[in-house]
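The values are calculated or read from the model by the stated rules, or taken from the named source; none is laboratory data. Predicted model only: the values in this text are computed from it and were never measured. In this analysis, Cβ positions are derived from the backbone assuming ideal geometry, glycine residues included, and neighbour counts consider all displayed protein chains.
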Amino acid sequence: QQPVQSPQAVILREGEDAVINCSSSKALYSVHWYRQKHGEAPVFLMILLKGGEQKGHDKISASFNEKKQQSSLYLTASQLSYSGTYFCALTSGGNDMRFGAGTRLTVKP
Amino acid sequence: GAVVSQHPSWVICKSGTSVKIECRSLDFQATTMFWYRQFPKQSLMLMATSNEGSKATYEQGVEKDKFLINHASLTLSTLTVTSAHPEDSSFYICSASGLAGGGAYNEQFFGPGTRLTVL
């Protein structure tokens, strides 16, 4: 079952913050976040495992609330290079991942 | 991070022909490989999961006789689109999962994708 992502799209000015949410109706084992630029394959950002992880790298961080079956990706002080489509992908214990529909992020100067 | 390559990067073929796409893990052994399809402005849809040496597991709605998957070794999986039709035109992406140095648990490493256009 495909996870639900919100918002579908967001437009930011450089330096602004954004939050992308991902939720599932199934119990989750892990959450993966990817960014995809047009015409390219997705690029791995981070993975969060069950246990209530929070992670960050540079100005991108994420949290995973397994009780609520949801994860959020936080983009702080956005840069032009952050533009792209962000996907969450969820696993329920197996190896297969289900991708969300994506959130199109546009950062303008 | 681990590197996964795909070949070819793009292919244009005539309706009715078969096309083979290769997916290779270059610096690690991929015990499991995944094939995805992505239509324009849509998400990645998992087509099948393959483990080395065994038959692929196909997702509901994916015709196994049309999309032949072979995972003959720990570094190579192939997807053959048989009797391709224009509606098969899409971006096909493979990913590999396995014991990769520095990789996060259960992380999948994606290939660069293959754009298939069927005329």
Any residue that is surrounded by fewer than 21 Cβ atoms within 10 Å (Cβ to Cβ) and in contact with a His (Cβ under 8 Å, 6 or more places away or on another chain) - is there at least one of those in region B:43-52? yes
Filtering region A:63-109 down to residues that are at positive phi and touching a Phe, Trp or Tyr at 6+ places or on another chain (Cβ under 9 Å), which residue is surrounded by the most Cβ atoms within 10 Å (Cβ to Cβ)? A:Gly102
A:Tyr74 - would you say it is among the aromatic types (Phe, Trp, Tyr) and over 11 Å from the mean Cα position of the chain (by Cα)? no
Here are some conditions: (1) closer than 24 Å to A:Leu49 by Cα; (2) modelled with pLDDT under 90; (3) among the hydroxyl-bearing types (Ser, Thr, Tyr). B:Ser95 meets all but one. Which one does it not meet? (2)
Index of the failed condition, B:Ile21 passing every other in (1) free of Cβ contacts under 8 Å to residues at least 40 places away in the same chain; (2) in contact with a strand residue (DSSP E or B) (Cβ under 8 Å, 6 or more places away or on another chain): (1)
Restricting attention to region A:59-93, report how many residues are within 11 Å of chain B (Cβ to nearest Cβ), modelled with pLDDT under 90 and touching a strand residue (DSSP E or B) at 6+ places or on another chain (Cβ under 7 Å). 1
Scan region B:58-75 for residues that are farther than 12 Å from B:Met47 by Cβ and surrounded by 17 or more Cβ atoms within 10 Å (Cβ to Cβ) and jot them down. B:His71, B:Leu74, B:Thr75
Quick check on A:Asp96: is it among the acidic types (Asp, Glu), within 14 Å of chain B (Cβ to nearest Cβ) and out of contact with any Asp or Glu (no Cβ under 7 Å at 6 or more places or on another chain)? yes
Filter region B:12-36 down to residues that are aliphatic (A, V, I, L, M) and crowded, with 18+ Cβ neighbours inside 10 Å, then give me how many there are. 4
Can you pull out every residue in region A:7-43 that is touching a residue at least 60 places away in the same chain (Cβ under 8 Å), surrounded by fewer than 18 Cβ atoms within 10 Å (Cβ to Cβ) and either in contact with an Asp or Glu (Cβ under 7 Å, 6 or more places away or on another chain) or within 14 Å of chain B (Cβ to nearest Cβ) (or both)? A:Gln8, A:Ala9, A:Tyr29
Give region B:80-98 a look and list any residue that's closer than 17 Å to B:Thr114 by Cβ and either of a type in the set (Lys, Arg) or in a strand (DSSP E or B) (or both), or say none. B:Thr80, B:Val81, B:Ser90, B:Phe91, B:Tyr92, B:Ile93, B:Cys94, B:Ser95, B:Ala96
Restricting attention to region A:81-93, does a residue exist that is in a strand (DSSP E or B), of a type in the set (Val, Ile, Thr) and closer than 27 Å to B:Phe39 by Cα? yes
